[in-house]
Amino acid sequence: MGNLTLIMNFIGSLVPVLFPDKGFQPKRLVAVLLVIGALALCIHFLGLESTEALVDLSEDVIELTEE
């Protein structure tokens, strides 16, 4: 398990968006993969334009909840 953590920390240093602070966080990786999968399914079933509109609406909802 130690080698896996070491490898993931090295990869994390290359990809700071997925692994902030150069540390491997499995929950964050799983969340990113789930979001990518959900977007791929939305694009496949709804089309690119509908998915783009859905993402824009989601951003608006997030902004409203942060205020």
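The values are calculated or read from the model by the stated rules, or taken from the named source; none is laboratory data. Source: prediction; values computed, not measured. Cβ placement follows ideal geometry from the backbone for every residue including glycine, while neighbour counts extend to all protein chains displayed.
Working only within region 11-57, note down all residues that are at pLDDT below 65 and in a helix (DSSP H, G or I). Give the steps one after another, and end with the answer.
Going through region 11-57, the residues at pLDDT below 65 turn out to be 11-24.
Scanning region 11-57 gives Ile11, Gly12, Ser13, Leu14, Pro20, Asp21, Lys22.
Take the residues of region 45-67 that are hydroxyl-bearing (Ser, Thr, Tyr) and closer than 15 Å to Val35 by Cα: which is surrounded by the fewest Cβ atoms within 10 Å (Cβ to Cβ)?
Within region 45-67, the match that is surrounded by the fewest Cβ atoms within 10 Å (Cβ to Cβ) is Ser58.
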